[in-house]
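Q: Okay, here's the structure, questions in a sec.
Each reported figure results from applying straightforward, stated rules to the coordinates on display, with no laboratory input. Since we're looking at a predicted model, the values are computed, not measured. Methodologically, a virtual Cβ is constructed for each residue, glycine included, from the backbone with ideal geometry; neighbour enumeration extends over all protein chains shown.
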Amino acid sequence: MSRPESYFTMNNPTRPKRIMVAISGASGSIYAKRFLRAISPAYDCIYLTASENAVAIAQQEVGITRLEDFIPEGEEKRFRIFDPCDMFAPPASGSHDYDGLVVIPCSMGVVGRIASGISTDLVTRAADVCLKERRKLVLVIRETPLSVIHLRNLTILAEAGAIILPAAPAFYGNQDSVDDLIDFVVDRVCRAIGVDVRLIEGWGE
Ligand SMILES: Cc1cc2nc3c(=O)[nH]c(=O)nc-3n(C[C@H](O)[C@H](O)[C@H](O)COP(=O)(O)O)c2cc1C
C-alpha cells in the first residue's frame with residue numbers, strides 16, 4: 001500500500017474541522033445542550049463524551065437519560081460519542097488534528113484532575129493534549145463558593161493556557177428569560193473557540 005505524500009496540516013483551510021466537547025458532573029447540563037445546538041453546523045465532527053455523574057445530573061436537570069440525547073435532532077452525522085474511559089479515542093492523541101476541548105459544564109473534580117496532570121480518562125487526557133499542543137481548552141466551570149484549592153487549580157490551568165469561563169451570565173442586556181441567561185454564557189463560549197455564532201447582541205452593537 002502506498003503512503004500519501006502528505007496529510008492535512010492545521011493551516012489547511014480544507015482540513016476537517018473537529019472539536020471535542022465533554023460534559024462533566026457539575027450542575028448546568030442545559031448549557032451543554034444549548035452549546036451543542038449552537039456549534040454543530042460549524043463543525044464536520046464533534047467528539048462527545050460525558051462522565052457517569054454528568055448523565056445522572058442531566059437526568060435530574062433536563063430529563064436526558066442518555067448521552068445521545070444531547071445531540072441536536074438532524075445533526076447526528078456530525079457527532080462521535082466516546083466512552084469516558086476510551087483512551088483509544090482519536091482526541092486522546094496529540095497526533096490527531098482537532099481544534100480543542102470544551103468542558104461544559106466543568107466540575108471542580110475535573111479541574112483538579114486536569115490541573116494535576118492526572119490523565120486517567122478521556123477528558124483529562126484530551127485536556128492534557130490540548131494544553132501540550134497549545135490548542136483551545138475552555139472550561140465552563142460551575143461551583144460556588146470557590147475554595148482556595150479550586151482557585152489554585154484554576155490559576156494553574158489559566159497559566160497553562162486554558163480559558164476559564166465561569167457559567168456566570170450577565171444581566172445588562174435586558175435578558176428576560178432563563179433561555180436568555182443560558183444564551184449569554186453559551187455565546188461567550190462560542191466566542192472563546194472562535195465559532196462565528198452570535199446568540200446575544202454585544203454591548204454597544
Ligand atoms: C446534583 C449534583 C450537582 C453537582 N453540582 C456540582 C457543581 O455544580 N460543581 C461541581 O464542581 N461539582 C458538582 N457536583 C459534584 C460532582 O459531580 C462530583 O465531584 C464528581 O465526582 C465530579 O467528577 P465528574 O465531573 O468527572 O463527574 C454535583 C453532584 C451532584 C450529584
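Q: Please give the FRET efficiency for LYS132 paired with GLU201, using the beta carbon to beta carbon distance and R0 = 41 Å, rounded to the nearest 0.05.
A: Calculated value: 0.65.
Q: I need the calculated FRET efficiency for the pair ASN12 and ARG80, taking r as the beta carbon distance and R₀ as 22 Å, to the nearest 0.05.
A: Working: r = 21 Å, r/R0 = 0.96.
So, using R0 = 22 Å, E works out to roughly 0.55.
Q: Can you work out the PRE-style zone for ARG152? Point 7 Å along Cα to Cβ, and I want the residues of the stretch 94-117 with backbone N under 11 Å.
A: None, by backbone N distance to the label point.
Q: Please compute, over every Cα-Cα pair in the stretch 29-112, the percentage with a separation greater than 18 angstrom. Don't skip to the end; give the middle numbers.
A: Working: 1536 of 3486 pairs.
The proportion of pairs with Cα distances above 18 Å equals 44 percent.
Q: Summing Lys, Arg as +1 and Asp, Glu as -1, what charge do residues with Cβ under 13 Å from the Cβ of MET87 carry, MET87 excluded? Mind showing how you got there, number by number?
A: Values: positive: ARG125; negative: ASP83, ASP86, ASP121, ASP128.
After counting each charged neighbour, the total is -3.
Q: Determine the relative contact order of the chain: mean sequence separation of Cα pairs under 8 Å and six or more apart, normalised by residue count, in whole percent.
A: On the way: 343 pairs, mean separation 42.0, N = 205.
Relative contact order, the chain: 21 percent.
Q: On to the next question. May I ask for the distance between the Cα centers of the stretch 138-205 and the stretch 35-94, given as a whole number of Å?
A: The stretch 138-205 and the stretch 35-94 have Cα centres spaced 20 Å from each other.
Q: Scale the Cα Rg of the chain by the rule-of-thumb value 2.2 N^0.38 Å and send over the ratio, two decimals.
A: On the way: Rg = 16.8 Å, N = 205, 2.2 N^0.38 = 16.6 Å.
Relative to the 2.2 N^0.38 Å estimate, the chain comes out at 1.01.
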